[in-house]
Amino acid sequence: MLTQDGCRQRQERLRERLAAEGIDAVVLTDHLEIYYFTGVMLSGYPNFYFPACLYLETEGGCWLAAHTDEGEAVLDDRIAYEWHIMYTLNPDPLRKLNAAVSDRLAGQGNASVVGWQKEGLPKVIADTVADGVHVETWVPVDDLLATMH
């Protein structure tokens, strides 16, 4: 189990690395990276992968859109999308996640240079982020993240 202090320290190290690379914010979608930086353990219950999106600003806060807002986390904001319809799995969780991300970005400032996980960011989420914060340049951060573990 990760500690909240450890997650805060990892977020601060990430922000330092992003600043050094000239990156304004980062979008993370891998559950392991989300856990590493926030302490939120997103499960695949019931054997189903629910997509999630962590948005972390280099000089600002961070928020998570996911199928749940349960559990302690090092976040400034959490947005939960509806993962079920009367407890039957929703057939389009990525669409639900994207709507939640779009809604949350409505009040977000601009970020012209954004880091992304080349190996896992869905295009629909990338397009929504690009429109929401007016991204001019995308920078892959997979290698940067790998050196932090």
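For this structure, a couple of remarks:
- With protein chains left intact and a 1.4 Å probe, residues in region 14-149 average 52 Å² of accessible area per residue.
- Cut-off 17 Å, label 7 Å out along Cα→Cβ of E119, residues of region 15-43 by amide N: 27-37
- Separation in nanometres of the label points that stand 7 Å from Cα toward Cβ, at D127 and T88: 2.8
- Debye, to nearest 20: dipole size of the chain, +1 on Lys, Arg Cβ, -1 on Asp, Glu Cβ: 220
- Seen against the Cα atoms of the chain and their longest principal axis, helix 93-105 is set at about 50 degrees.
- When the Cα positions of L54, V74, M41 are compared along the charge dipole of region 1-85, M41 comes out farthest toward the positive end, with charges on each C-beta of Lys, Arg, Asp and Glu.
- Given a 1.4 Å probe and the protein chains as shown, V113 ends up with an accessible area of around 30 Å².
- Relative contact order (%) - criterion: Cα under 8 Å, at least six apart; region: region 47-93: 29
- Note: relative contact order over region 1-87, using C-alpha pairs below 8 Å and six or more positions apart, is 26 percent.
- DSSP-assigned coil residues among chymotrypsin sites (Phe, Trp or Tyr not before Pro) in region 74-149, each with at most 13 further Cβ atoms within 10 Å: Y87
- Entry for log10 I(q)/I(0) by the Debye sum over Cα atoms at q = 0.10, 0.12, 0.16, 0.20 Å⁻¹ (calculated from the structure that is shown) out of [x] -0.31, -0.45, -0.82, -1.31; [y] -0.73, -0.89, -0.97, -1.13; [z] -0.54, -0.71, -0.96, -1.18: [x]
- Around F37: net Lys/Arg minus Asp/Glu count, Cβ-Cβ under 15 Å: -4
- Residues of region 47-83 falling in the label zone of D5, defined by backbone nitrogen less than 17 Å from a point 7 Å along Cα to beta-carbon, are 73-74.
- Once you reduce region 52-77 and region 1-35 to the center of their Cα atoms, the two points are 11 Å from each other.
- Most positive-pole-ward Cα, A100, M86, T128, against dipole of the chain from beta carbon charges: M86
- The GluC sites (Glu not before Pro) found in region 1-110 that occupy coil by DSSP, while having at most 14 further C-beta atoms within 10 Å, are E59, E70, E72, E82.
- Only helices enter the 222 nm calculation for the chain: every DSSP H run of n ≥ 4 contributes -39,500 (n - 2.57), and dividing by all residues gives -11000 deg cm²/dmol, rounded to 500.
- The Stokes-Einstein estimate for region 1-63, based on a Kirkwood radius over Cα pairs and taken at 20 °C with 1.002 mPa s viscosity, is a diffusion coefficient of 174 µm²/s.
The values are calculated or read from the model by the stated rules, or taken from the named source; none is laboratory data. The model shown is predicted, which means the values in this text are computed figures rather than measured ones. Here the Cβ is made from the backbone with ideal geometry for all residues, glycine too, and neighbour counts use every protein chain on show. The protein model used for the area step is the full one, side chains on, heavy atoms only, and it has no ligands, DNA or RNA in it. Shrake-Rupley method; radii C 1.70, N 1.55, O 1.52, S 1.80 Å.
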